[in-house]
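Here's the structure, in C-alpha cells; my notes come after.
Read-outs throughout are calculated quantities, based only on the coordinates presented, and are distinct from any laboratory measurement. Source: prediction; values computed, not measured. Cβ: placed from backbone, ideal geometry, glycine included. Neighbour counts: every protein chain shown.
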Amino acid sequence: MKLRPVVELVLAALAAVGCVLSWLAARSAAVAAPVIPSEPSMPTVTYDASFIVLSMLLLTVAAVFAVLGIVGLRRR
C-alpha cells in the first residue's frame with residue numbers, strides 16, 4: 001500500500017473534523033429585543049460568518065484530499 005494516499009485520507013478526515021468543529025463554534029445564542037414594547041423578548045440563534053467561511057473552506061479541503069486519496073489507492 002502506498003503511503004501518500006493514506007496520508008491524504010488522514011488529512012481529509014482531520015479537515016472534516018475541523019469543519020464540524022468550526023460549524024459548531026459558529027453558532028451562539030442571543031436574545032432579540034421585542035418589536036412592540038408589550039411583547040416579550042425572543043431567544044434567537046446567531047452565526048459568526050468567519051467560522052462559517054472557515055467551515056466551508058475546510059469542507060472543500062477535505063473533499064479534495066478525499067478524492068486524491070481514493071484515486072491514489074485505486075491506481076496501485
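How much length would be gained if the chain were fully extended between Ala33 and Ala49, taking 0.36 nm per residue of separation minus their Cα-Cα distance, in nm to one decimal?
3.6 nm is the gain from fully extending Ala33 to Ala49.
Any idea what % of Cα-Cα pairs in the chain are farther than 18 Å?
The proportion of pairs with Cα distances above 18 Å equals 57 percent.
Is it possible to state the helix-based mean residue ellipticity at 222 nm for the chain, with each DSSP H run of 4+ residues giving -39500 (n - 2.57), the sum divided by total residues, to the nearest 500 deg cm²/dmol? What is it?
Taking each H run of at least 4 residues, the total per residue is -23500 deg cm²/dmol.
What order do you get for 39-45, 18-24 when each peptide is scored by the mean count of other beta carbon atoms within 10 Å, highest first?
Final packing ranking: 18-24, 39-45.
Give the relative contact order (percent, whole number) for the range 6-56; include only Cα pairs under 8 Å separated by 6+ residues.
Across the range 6-56, relative contact order equals 39 percent.
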